[in-house]
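First the structure, in the form of structure tokens, and then the observations on it.
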Amino acid sequence: MATTLKKCFKLHKLFVAEVARSTRLESEGVQVLSSLANVSKRLPTLLQYDNNKVDEGGDVDDNVEVMGVLRYSINTQALLLQKHFLALEKSRGFLAGILNDYQDVLRHLRSFTSDCVALVEDALIEGENAVNAADEMAAVTFPLQLQEWMETVLAMFEHEIFRKTRLVAGLEYSDTLRLNTVAKQWSAKGANSNIDDDYVQTGLQMPRTKSSATSQAGGLELDTLKSKSKKKKKNKNKK
């Protein structure tokens, strides 16, 4: 029993680390999308200056308003355009990297959840061999609760990462309005999110070990959890 619980605590720690990693990716995504939107917003101004400069009939006052004192520098407009396009490419590269990292997070979450299911089966066997109900309760309660929490959080993250991937698919530099919209809708805490942050938070803290004293209500809770686990196992075998 002690070995199984120890493995469960380790899985819990690894799972929580991936949830924290996802939070960091969330923040990085907001920064990258905001950068894309800001750079895209400035490009028309630079291109406007370029058109006015090439057009012999262009308004000099318009050029002064756009570039200010920088109009006296050689190749300033060309260099600024180059830097802006490079910034766009760099941000797109960062965004692609973030999406790849999200897929890596999903792979780890799935792996840890699968390992937890195996541990629950071990815990149920240990519980059946327990001397009394109190020992049985101690053996299986946390593994079963951990499995349920992991599976629920995993499903949330699968839907959320799929949403994010679709959200940024086919982004264009010139579509500043869409870039701004995507930046606002990216957050997992927004109205479009698939993640219940309150529920996720309930499982982030390391649970306390329960005393051997088991109430009648606790016994009923154990039967419910075991029943859920058996149903999930049957459904998995059918698939």
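So for the range 5-22 (the condition being modelled with pLDDT under 80, surrounded by 17 or more Cβ atoms within 10 Å (Cβ to Cβ) and more than 30 Å from K189 (Cα to Cα)), does at least one residue qualify? First the steps, then the outcome.
Going residue by residue through the range 5-22, those that are modelled with pLDDT under 80 are none.
No, the range 5-22 contains no residue that is modelled with pLDDT under 80, surrounded by 17 or more Cβ atoms within 10 Å (Cβ to Cβ) and more than 30 Å from K189 (Cα to Cα).
Go through the range 172-210 and count every residue that is crowded, with 16+ Cβ neighbours inside 10 Å and of a type in the set (A, V, I, L, M, F, W, C).
Of the residues in that region, 7 qualify.
May I ask you to say which residue of E121, E151 is modelled with pLDDT of 85 or more and touching a Ser or Thr at 6+ places or on another chain (Cβ under 7 Å)? Please lay out each step first, then the result.
On the way: E121 fails: touching a Ser or Thr at 6+ places or on another chain (Cβ under 7 Å).
Only one candidate qualifies: E151.
Please go through the range 154-167 and pick out each residue that is within 11 Å of the chain's Cα centre (by Cα) and either surrounded by 16 or more Cβ atoms within 10 Å (Cβ to Cβ) or closer than 23 Å to V117 by Cα (or both).
Residues satisfying the conditions are L154, M156, F157, E158, H159, E160, I161, R163, K164.
So for the range 36-44 (the condition being at pLDDT 85 or above and surrounded by fewer than 17 Cβ atoms within 10 Å (Cβ to Cβ)), does at least one residue qualify?
yes
Here's the yes/no breakdown for (1) at pLDDT 90 or above; (2) touching a helix residue (DSSP H, G or I) at 6+ places or on another chain (Cβ under 6 Å); (3) of a type in the set (K, R):
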| site | (1), (2), (3) |
| --- | --- |
| A155 | yes, no, no |
| R163 | yes, no, yes |
| T181 | yes, no, no |
| S212 | no, yes, no |
| E221 | no, no, no |
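The values are calculated or read from the model by the stated rules, or taken from the named source; none is laboratory data. Keep in mind it's a predicted model, so treat the numbers as computed, not measured. Cβ sites come from the backbone with ideal geometry, for glycine too, and all protein chains shown count toward neighbours.
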